[in-house]
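Notes follow the structure.
The values are calculated or read from the model by the stated rules, or taken from the named source; none is laboratory data. Given the structure is predicted, the values throughout are model-derived calculations rather than measurements. All Cβ positions, even for glycine, are placed from backbone atoms using ideal geometry, and neighbour counts span all protein chains on display.
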Amino acid sequence: MRKECGLWIYSCVICTAFCTVAAPGQQPKREARCIPLVCASGDCSLLAGAPLTAGMRSGFVRLAPDRTVGRHSTGKNEETLVILHGQGDALLDGGKRLSFTAPTVVYFPPSTFHDVLNTGKEALEYVYVVAPATRQ
């Protein structure tokens with residue numbers, strides 16, 4: 001673990017609330033758990049909504065240089081990207097770009113169409129967290 005720009009960077013592990021499998025008729029027991037950020041493809045789910053969480057979803061993305069994840073909307077959710085490695089641009093409607101370099105957090109409010117572009121020469125790696133918004 002190292003500290004950069006006031007943020008603690010954890011090497012390839014995210015710790016979060018997780019549920020274990022419960023016997024039929026019982027509620028799953030929520031436990032703290034560490035999930036290694038090991039991903040064979042470019043986008044791997046870390047958490048999904050109920051019953052694992054109350055509605056939050058999370059995943060790990062490894063994006064090659066000059067690639068995008070594809071334009072999409074947050075819809076009724078809000079989304080945060082925790083940029084772990086690399087640099088890129090958040091591409092917003094209207095041609096607006098938000099440039100970032102790791103370590104950075106990027107936030108998208110509800111109803112925001114956006115894309116992520118890797119502008120660097122090496123892989124862009126980040127964790128995304130999407131949760132239902134209580135207000136829109």
Per the filter on the stretch 89-125, residues part of a loop (DSSP other than H, G, I, E, B) and at pLDDT 95 or above are Thr119, Gly120, Lys121, Glu122, Ala123
Considering only the stretch 71-88, state which residues are surrounded by fewer than 15 Cβ atoms within 10 Å (Cβ to Cβ), without any contact (Cβ under 8 Å) to a residue 60 or more places away in the chain and assigned to a loop (DSSP other than H, G, I, E, B). Arg71
Within the stretch 106-136, the residues that are touching a residue at least 60 places away in the same chain (Cβ under 8 Å) and touching a strand residue (DSSP E or B) at 6+ places or on another chain (Cβ under 7 Å) are Ala123, Leu124, Glu125, Tyr126, Val127, Tyr128, Val129, Val130, Ala131, Pro132
Looking at Arg33, is it among the basic types (Lys, Arg), at pLDDT below 90 and assigned to a loop (DSSP other than H, G, I, E, B)? no
